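Have a look at this one.
The values are calculated or read from the model by the stated rules, or taken from the named source; none is laboratory data. Everything quoted here is computed from the prediction, not taken from an experiment. Every residue, glycine among them, receives a Cβ derived from its backbone with ideal geometry; neighbour counts consider all protein chains shown.
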Amino acid sequence: MDSLIAGYQRFRASGWPERRKVFESLAEGGQRPTTLVVACVDSRVDPAMIFDAGPGEMLTVRNVANLVPPYAPDSAYHGTSAALELGVRVLKVRDLVVLGHGMCGGVQALLDGPPENARDFVGPWMAMAEPARLRTLHYASSEQRQQCCEYEVIKISLANLMTFPWIAERVQAGELALHGAWFAIHSGLLLTLQPDGSFAPPKLMNLARDPIS
């Protein structure tokens, strides 16, 4: 906790004065983010840093392996789905990005089985992406299986997003664009999902409005 307090003190001394007007404007006028990012909880992957986004510009939803569950409105607890509803239906974001990454521990748990001390929730959660694991079985090396599975998990999340009727409606009306992206921790390289299902470096000037389905 001491390091967090020290970080806050640095922010208060230097970051806050620089951004005070931004925060005051957000406090008075409310937030109007245009993008929602579904990302992994991995501490090495910070969506705001990757996309150089400032306060109020982007909603971020983080869970293990950036998974979106299928639409299932019931009495259970749905943290990711609730965040999607807030972003899409209330704040009406224009872009929704599923951001995966290299060396994802959740994907490794899917491929190799979860650790014994992560089977209450991580194991059942990652079972949602079982089709992704099956699509990687033909690869010879564990590295190829890992990266391919990271890509496939992104595609599963995008497909599950379209099971939400109010997301599908906005996509079909041209009011919302879905995107897939993958970040390489070791190199800082960002790849985006292309219409043919491959991942490639984005066209930087057009990334914000190139819809991926």
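Take Glu169 and decide whether it is farther than 22 Å from Leu110 by Cα, over 18 Å from the mean Cα position of the chain (by Cα), acidic (Asp, Glu) and modelled with pLDDT of 95 or more. Outline the logic, then answer.
Values: farther than 22 Å from Leu110 by Cα: yes; over 18 Å from the mean Cα position of the chain (by Cα): yes; acidic (Asp, Glu): yes; modelled with pLDDT of 95 or more: yes.
Yes: the conditions hold for Glu169.
Of the residues Asp42, Asp52, only one is assigned by TED's automatic domain parsing to the domain that holds Val64, modelled with pLDDT of 90 or more and more than 23 Å from Gly79 (Cβ to Cβ); which? Spell out the reasoning first.
Values: Asp42 fails: more than 23 Å from Gly79 (Cβ to Cβ).
Criteria check complete, one pass: Asp52.
I've got another one for you. Considering Gln144, Gln108, which residue is surrounded by 19 or more Cβ atoms within 10 Å (Cβ to Cβ), without any contact (Cβ under 8 Å) to a residue 60 or more places away in the chain and not hydrophobic (A, V, I, L, M, F, W, C)? Walk me through how you get there before you give the answer.
Numbers: Gln144 fails: surrounded by 19 or more Cβ atoms within 10 Å (Cβ to Cβ).
On inspection, the qualifying residue turns out to be Gln108.
With the requirement that a residue be in contact with a Pro (Cβ under 7 Å, 6 or more places away or on another chain) and surrounded by fewer than 14 Cβ atoms within 10 Å (Cβ to Cβ), what does region 147-188 give you?
Passing the criteria: only Thr163.
Report those helices (runs of 4 or more DSSP H) wholly inside region 95-213 carrying at least 1 residues which are among the hydrophobic types (A, V, I, L, M, F, W, C), outside the structural domain of Ile50 (by TED's automatic domain parsing) and under 16 Å from Cys40 (Cβ atoms).
none
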